[in-house]
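Chemist: Right, I'll just put the structure down here and ask away after.
The values are calculated or read from the model by the stated rules, or taken from the named source; none is laboratory data. Since this is a predicted model, take the numbers as computed values, not measurements. Neighbour counts are summed over all protein chains in view; Cβ atoms, including those assigned to glycine, are modelled from backbone coordinates with ideal geometry. Keep in mind that these areas ignore ligands, DNA and RNA; they rest on the heavy atoms of the full protein, side chains included. Shrake-Rupley method; radii C 1.70, N 1.55, O 1.52, S 1.80 Å.
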Amino acid sequence: MDPSMLKSRWPQWRVALQERFEKLEASDLAAIGGEVSLLVESLQHRYGWDRERAEIAQRSIRNSSSMSST
């Protein structure tokens, strides 16, 4: 899924991300606002992952979610 799709469908993605990445707090999700780079930074911060691991995680959920086809 294209990064612009994350932003355009942010309300749905916010719920999916909160369920998948429980360490992300409401304040993280509000700050992310559909920006892929901010999602990656938040995953790095909350999970202690390096950038590569965080990018893999965000791509994985974006590519595997049923919302990518709606």
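Chemist: Read through the list (1) farther than 20 Å from Ser64 by Cα; (2) in contact (Cβ under 8 Å) with a residue 12 or more places away in the chain; (3) surrounded by fewer than 16 Cβ atoms within 10 Å (Cβ to Cβ), then give the number of the only condition that Lys7 fails.
Modeler: Status for Lys7: all satisfied but (1).
Chemist: Could you tell me how many of the residues in the range 27-41 are assigned to a helix (DSSP H, G or I) and touching a helix residue (DSSP H, G or I) at 6+ places or on another chain (Cβ under 8 Å)?
Modeler: Summing the residues that are assigned to a helix (DSSP H, G or I) and touching a helix residue (DSSP H, G or I) at 6+ places or on another chain (Cβ under 8 Å) in the range 27-41 gives 9.
Chemist: Return the pair list, or none, for Cβ contacts closer than 7 Å from residues in the range 17-28 that are touching a residue at least 60 places away in the same chain (Cβ under 8 Å) to residues that are part of a helix (DSSP H, G or I) and surrounded by 11 or more Cβ atoms within 10 Å (Cβ to Cβ), at least 6 apart or on different chains.
Modeler: none
Chemist: Related question: Search the range 47-62 for residues that are closer than 12 Å to Ser37 by Cα and open to solvent by less than 50 Å² (accessible area, probe 1.4 Å) and pair each with any residue that is of a type in the set (Asp, Glu) and in a helix (DSSP H, G or I) when their beta-carbon atoms are under 9 Å apart and the residues are at least 6 apart or on different chains.
Modeler: Ala54/Glu41
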